[in-house]
1. Of the conditions (1) among the β-branched types (Val, Ile, Thr); (2) in contact with a strand residue (DSSP E or B) (Cβ under 8 Å, 6 or more places away or on another chain); (3) at pLDDT 95 or above, THR253 clears all except one; give me its number.
2. Please determine, by comparing only the residues of segment 116-127 that are over 19 Å from ARG160 (Cβ atoms) and within 21 Å of the chain's Cα centre (by Cα), which one is surrounded by the most Cβ atoms within 10 Å (Cβ to Cβ).
3. What about VAL137, is it part of a strand (DSSP E or B), buried (at least 17 other Cβ atoms within 10 Å of the Cβ) and touching a strand residue (DSSP E or B) at 6+ places or on another chain (Cβ under 9 Å)?
4. Against the condition under 28 Å from PRO270 (Cα atoms), at pLDDT 95 or above and part of a strand (DSSP E or B), how does CYS150 come out, does it pass?
5. For segment 94-107, give me each residue that is surrounded by 17 or more Cβ atoms within 10 Å (Cβ to Cβ) and in a strand (DSSP E or B).
6. Take the residues in segment 273-286 that are touching a Lys or Arg at 6+ places or on another chain (Cβ under 8 Å) and outside any loop (DSSP other than H, G, I, E, B), then tell me which one is nearest to CYS248 (Cα to Cα).
7. If we keep just the residues of segment 48-79 that are among the acidic types (Asp, Glu) and under 30 Å from HIS246 (Cα atoms), which is surrounded by the most Cβ atoms within 10 Å (Cβ to Cβ)?
8. Say we look at segment 242-267 and pick out the residues that are surrounded by fewer than 20 Cβ atoms within 10 Å (Cβ to Cβ) and under 24 Å from LYS96 (Cβ atoms); which of these is nearest to the chain's Cα centre (by Cα)?
Amino acid sequence: MAVKETIKGFTTWTINAVDGVTRATFVPELGAIGSSLVLPAPDGPRETLFQHDHFWDPDTDQTRGGSPFLFPICGRLERGGQPEIYLYDAQRYTMKIHGFAHQMSWQVVAHDDPAELAMELSDTEETRKQYPFAFTVRLTFRVEPGVLVCEQQYHNRGDRPLPYYAGFHPYLLTPPPEGGKSGVRVAVSPQRVLAYNPQLTDIVGVKPETPDFPAAITDPAINEQLLQMGKDKKASLLFPDGFEIHLCADSETDADRFPYVQLYTMPDKPFFCIEPWMSFPNALNTVSGVRWLAPRQTDTARFQVATQC
């Protein structure tokens, strides 16, 4: 059985792999967020997730750090110059950056396996005010030695197509800026580097040059960059001591389910984000980009974090 505890007033669940090292902790009340992921490293077990100082603040509307799940959108919305607005069926709706799933309380639906935890989120009166669709999302997390896997199910419970584009936003822990952050590199093989508008809401073109990867995570040229990936969806964080973290996201039915990777850091903080996204920001307001899930149908997908490819 997964281990249930209370941390700072919140119920947490920890799953443990058979190696006695790999473990992951989640907080259902805080958006099913991953608060900790310990993986085997050259110097022993290593925490791989960063937490902001406001991580445990129940009232914050900021991204907390850890590993949030993003639904039903990734990034920002803008319509007619107004932020957080999208239009559907001739009606205007308001939704904050990265959607609402990472701010809501999820229900634990399976915890009997010590290495596995399943959580669900369904629509409520609150969600339908900003997203007028009936849905259930199920996340099943599993740990194996050196590996965390998240199997996803997106179910449209309504009678009309459901638009969505989900994503993951792990804050990967690095040395502090004054203590070696510049020695960490990110390795990725983008097909194109996309150019944002100043508001980071829309893609306005393609950058003429692709940065040289692997690149130092402190390089300003790669921060806040959205990468369109080719066949190789893997992205890796490479540490000077030989420790590596590899991320990938896909689906058995669609290898191109997560065609984008967003890179993000704050220069004064010890983290770097590698974010697999299903689409680009503001896709709810564009003709293309959003996924449309047919009524009563289910999409599946998979996200993995591992120490080896």
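1. THR253 satisfies every listed condition except (3).
2. To start, the set of residues in segment 116-127 that are over 19 Å from ARG160 (Cβ atoms) comprises 116-121, 126.
Filter once more, keeping what is within 21 Å of the chain's Cα centre (by Cα): 116-121.
Details: GLU116: 17, LEU117: 27, ALA118: 21, MET119: 22, GLU120: 18, LEU121: 22.
Selected residue: LEU117.
3. yes
4. Here the answer is yes, as CYS150 does meet what is asked.
5. Correct list: GLY99 only.
6. As a first pass, look at segment 273-286 and keep what is touching a Lys or Arg at 6+ places or on another chain (Cβ under 8 Å): 276, 278-279, 281-282, 285.
After this cut, where a residue has to be outside any loop (DSSP other than H, G, I, E, B) as well, the list is 276, 285.
Numbers: PRO276: 7, ASN285: 27 Å.
If we take residues in segment 273-286 being touching a Lys or Arg at 6+ places or on another chain (Cβ under 8 Å) and outside any loop (DSSP other than H, G, I, E, B), then PRO276 is nearest to CYS248 (Cα to Cα).
7. Kept after step one, since they are among the acidic types (Asp, Glu), are these residues of segment 48-79: 53, 57, 59, 61, 78.
Filter once more, so that each one left must be under 30 Å from HIS246 (Cα atoms): 53, 57, 61.
Values: ASP53: 9, ASP57: 13, ASP61: 9.
For segment 48-79, the residue satisfying everything is ASP57.
8. Filtering first and then ranking leaves TYR264.
The values are calculated or read from the model by the stated rules, or taken from the named source; none is laboratory data. Since the structure is predicted, the reported quantities are computational estimates derived from the model, not experimental observations. Don't worry about glycine lacking a Cβ; one is built from the backbone with ideal geometry, like all the others, and counts go over all protein chains shown.
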